[in-house]
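This report refers to the structure that appears directly beneath it.
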Amino acid sequence: MKSMLLGILIAASAGFADPGDIAGQVSIGPLTPVQKVGEPEPPIPPELLKACKVIVTSSDGKTVVAKIALKHKGFFRSKLAPGEYLAHAELANAPNRMNDPVKVVIKAGETTRIELHADTGIR
C-alpha cells in the first residue's frame, strides 16, 4: 500500500495525472539443496514471500522509489509515475545477494511487466 501511495504522490508532484503500473512475478530459489530431475519444484514458503521485496530505484540506482511486497506465488503490482527506473528483487536476510537490476520504463496508463529472480543462496 505504501508503494502505491508513494508512486501516486510522485506522479502528482511531477505533474503527471496518470501513473502507470509495474507488475510481474519474482521467482525465488533454489528452495532445496538438491532437486532430482523430474521432481516438481516445491512451493515458495510463505516466510520467503514475506521476506522478499521488489526494490524500484531511480534510473541511476541511487534513490529508492518503491519497495513492493510480493503476493501469492511471487506476483506483484504497484503504481509508479511515468519514467525510467531500475528494479531488482531483494531478500531481507540477504540484501547483498542481488541479481542485476532490470531497466523499467513506465508509461502513463500502461502496465509494464517484468520477471525477476531472488537467489536464496542455497546450494
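The values are calculated or read from the model by the stated rules, or taken from the named source; none is laboratory data. Treat the numbers as computed from the prediction; the structure is a model and nothing was measured. Neighbour counts are summed over all protein chains in view; Cβ atoms, including those assigned to glycine, are modelled from backbone coordinates with ideal geometry. The accessibility values were calculated without ligands, DNA or RNA, using every heavy atom of the protein model including side chains. Shrake-Rupley method; radii C 1.70, N 1.55, O 1.52, S 1.80 Å.
Somewhere in segment 74-81, is a residue modelled with pLDDT of 95 or more, open to solvent by 30 Å² or more (accessible area, probe 1.4 Å) and either more than 15 Å from Val26 (Cβ to Cβ) or of a type in the set (Lys, Arg) (or both)? There is at least one residue in segment 74-81 that is modelled with pLDDT of 95 or more, open to solvent by 30 Å² or more (accessible area, probe 1.4 Å) and either more than 15 Å from Val26 (Cβ to Cβ) or of a type in the set (Lys, Arg) (or both). In this entry, Lys103 is excluded by the filter for residues that are modelled with pLDDT of 95 or more, open to solvent by 20 Å² or more (accessible area, probe 1.4 Å), touching a helix residue (DSSP H, G or I) at 6+ places or on another chain (Cβ under 8 Å) and assigned to a strand (DSSP E or B). Applying the criterion of being loosely packed, with under 11 Cβ neighbours inside 10 Å and modelled with pLDDT under 75 to the residues of segment 1-56, the residue that is nearest to the chain's Cα centre (by Cα) is Met1.
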